[in-house]
1. Condition first: over 16 Å from residue 220 (Cβ atoms) and either out of contact with any Pro (no Cβ under 8 Å at 6 or more places or on another chain) or surrounded by fewer than 19 Cβ atoms within 10 Å (Cβ to Cβ) (or both). Now tell me which residues in region 602-629 satisfy that.
2. Name the residue that is surrounded by the most Cβ atoms within 10 Å (Cβ to Cβ), counting only residues in region 102-151 that are among the polar types (S, T, N, Q) and over 28 Å from the mean Cα position of the chain (by Cα).
3. Output yes when any residue across region 478-485 is small (Gly, Ala, Ser), surrounded by fewer than 18 Cβ atoms within 10 Å (Cβ to Cβ) and touching a residue at least 12 places away in the same chain (Cβ under 8 Å), and no when none is.
4. Of (1) in a strand (DSSP E or B); (2) aliphatic (A, V, I, L, M); (3) out of contact with any Leu (no Cβ under 7 Å at 6 or more places or on another chain), residue 56 satisfies all except one. Which?
5. Out of (1) surrounded by 24 or more Cβ atoms within 10 Å (Cβ to Cβ); (2) within 22 Å of residue 367 (Cα to Cα), the odd one out for residue 286 is which?
6. Within region 88-97, is there a residue that is crowded, with 21+ Cβ neighbours inside 10 Å and without any contact (Cβ under 8 Å) to a residue 40 or more places away in the chain?
7. Which residue is farthest from residue 698 (Cα to Cα), if the candidates are limited to region 207-247 and must be touching a His at 6+ places or on another chain (Cβ under 7 Å) and among the charged types (D, E, K, R)?
8. Taking region 366-382, which residues are under 18 Å from residue 246 (Cβ atoms), of a type outside the set (A, V, I, L, M) and at pLDDT below 95?
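The values are calculated or read from the model by the stated rules, or taken from the named source; none is laboratory data. Small disclaimer: the values here were computed from a predicted structure and weren't measured. Cβ: placed from backbone, ideal geometry, glycine included. Neighbour counts: every protein chain shown.
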Amino acid sequence: MMPASPLKPARRLEHAASAYLRSAAVQQIEWFPWGEEPFRRAKESGRPVLLDIGAAWCHWCHVMDEGTYSDPEVARLVEQNFVAVKVDRDENPEVDRRYQRQVNALSGEGGWPLTAFLTPQGETFLGGTYYPPADYGGRPGFRRVLQEVSRLWREERSALHEQAASVAQGLRSMEHRGSQGSPTLQAFVEGTVAHALEQYDASHGGFGGAPKFPHPTGISLLMLHAARSGDAKSAEAARHSLLRMADGGVYDQLGGGFHRYSVDEGWRVPHFEKMAVDNAQLLVAYVEGWSAFGEERFREVIAGTTEWVLSTLGRDPKGGFAASQDADNAPGDDGGYFTWSTSEVRSLLTPDEFRAVRWRHGLGGEARMHLNPLQSVLQRLFSVAEVADHLKVAPEQASSWLESAHAKMRKVRAARPEPFVDPAIYASLNGMLLGALAEAGRALGEARPIEEARRAADRFLAEGFDPHRGVPHQLGPQGALGWGLLEDQSEFALGLLRLAEVTQEGRYVERAREVLEVVLGEFPTPPEGLLRDLAPKLYDGPKVGAWETPSFPLEDTPHLSATSAAALALLKLNALTGATVEDPRATALLNACVPRLQHAGLFGAGAALASAIHLEPAVRVVVEGEGPEADALWNAAVRTYHPRRVLFRGSPQPPFTLPEEAVAASGRGRGPRALVCRGTSCLPPITRPEELSQALRSGAGKR
């Protein structure tokens, strides 16, 4: 018999750092957090481990917690036959990564909640995702699943051990198996672009069908390819995808920010969680899109998303950004905070305001909720001018009606119970956001996003930075927590370098350089030199389960992979510090990745993006002088797309450097002008904004 627990069921989660784990403390299942104790108990009792991986933002995790794990019979079966372990995937991404791969290898399923049955040694023998308590909708009920797994464990345990060992060995072999032959970086880029265009949805934008996720790295790759090659199809695919996402229900038309994905191919009805990771990387894509295409709609999205991040994720008084906002605001909810019924909107607004809102946002149209068709998601179907034309009024009048209507609707929505915001401060997510916000602030000409990005960076550097270990996974009330994860190091280094360019503060360059030294010193695995997702010497998490199994985060998911972020950070460091040749470490890392990713298609877009940037010479622009003429030159530099431009307002100080030709030409007292250097060669000083834009556009793709 297993020793009696000194704690009541689930009470050991009451004081967990993770809000997701704390929410399970009310359940009648004796959940253990990830660690050595549950595996020790499993070995002592001879029971298998039930592993549940979810997150605070996950709608179906809540459904399973509220329905399945709260079911008395499910709780009884779990308590009698299993050792139950609950994991927050944001808190332990290395655990999630390993068991997602194992469950996918067994069942072809993945995602959250992840439900896995493990041996006491931590190897998966069965698994899936969401299970209702009883059979429903073609999915087996969890009561029946638990009974069958218990029977198999009693009667066919050796076969289950063999199955688990076979899966684990197969995954280990896959990680160490190289691909035969390797394309050049240029061929890899071209192949990935071709695949992205094959997957492009010309009707709705984006890639593939439902459910449809944004692929910001794919969009950025197409923009870069269009700039280098002049390919109109790539440019239109990127522009159209950004426009359709911006106008769909996947973008919060009232409050700003993007939901995680769309359940349909037309971006109409989303899954309502809002993630730091998605909004950070989409911000970067829209900043690039605004400079590439000049669409005013993109500027609106940048402003709206930035405001949502600052107001919703940026509430910590010490600085830094929270991880996510939940999809739900109550048990059984599905988007109630974000959706509207026609009758509710009619009751709030004047008749003219209601007509304007209904026409512009498609209220009661195609974006109705599937389970509650009286509720609609707001889209942006028509411009203000089109609304005015339909209502036969002046555009100014239509705009006034819409503004007053939106103000009333925001006030009503603010009075609704707000979906939970997970306050956890993670390094990887903060790295993404501080870089994205810095670039967004520069694009908008606003100081606040840049200052909040600086506060987040400074907090991590003050409370968690260690030159020998890099940055911790999380900052919490107990200080710095969790060391040795690649995504934290690579994303934070890249974010610091983006912030360094915008602020021209060399200290961020130096800290990023130190973090990258940790990456290149602790994470590579011979012989290929691929980067592991965790560094064995630095990792301080529980040494249980499959932690020793090498895992290489190469593919986008669909946001930028940790390996690609490391490559981009090395390239950014090189461009900022003015090295005359590319960092051979970036070249080696990309050459190691390409054989593994040559058939990854769109999920290799991040590595293809880094490879394309590697093939593009850095262009450094220095805008000198003060006053309106200098401001006009600066705005032209900011609003002109170039895949590898570095912008300085005034001559930068070390560790930023410029070619000797630019240093000789720079200086005060010569009036407003721009110096443009491509590699080590500089153009004559430019004094007209249109000439500066043309110089940047014509330089893309030329060495």
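1. Answer for region 602-629, where residues must be over 16 Å from residue 220 (Cβ atoms) and either out of contact with any Pro (no Cβ under 8 Å at 6 or more places or on another chain) or surrounded by fewer than 19 Cβ atoms within 10 Å (Cβ to Cβ) (or both): 617, 618, 619, 621, 626, 627, 628, 629.
2. Among residues in region 102-151 that are among the polar types (S, T, N, Q) and over 28 Å from the mean Cα position of the chain (by Cα), the one surrounded by the most Cβ atoms within 10 Å (Cβ to Cβ) is 119.
3. Going through region 478-485, the residues small (Gly, Ala, Ser) turn out to be 479-480, 482, 484.
When the remaining residues are screened for being surrounded by fewer than 18 Cβ atoms within 10 Å (Cβ to Cβ), the result is 479.
If we keep only those that are touching a residue at least 12 places away in the same chain (Cβ under 8 Å) too, we end up with 479.
Yes; the residues of region 478-485 include at least one that is small (Gly, Ala, Ser), surrounded by fewer than 18 Cβ atoms within 10 Å (Cβ to Cβ) and touching a residue at least 12 places away in the same chain (Cβ under 8 Å).
4. Failed condition: (1).
5. Of everything listed in (1) surrounded by 24 or more Cβ atoms within 10 Å (Cβ to Cβ); (2) within 22 Å of residue 367 (Cα to Cα), residue 286 misses just condition (2).
6. Taking every residue of region 88-97 in turn, at least one turns out to be crowded, with 21+ Cβ neighbours inside 10 Å and without any contact (Cβ under 8 Å) to a residue 40 or more places away in the chain.
7. By that ranking, first place goes to 244.
8. Answer for region 366-382, where residues must be under 18 Å from residue 246 (Cβ atoms), of a type outside the set (A, V, I, L, M) and at pLDDT below 95: just 366.
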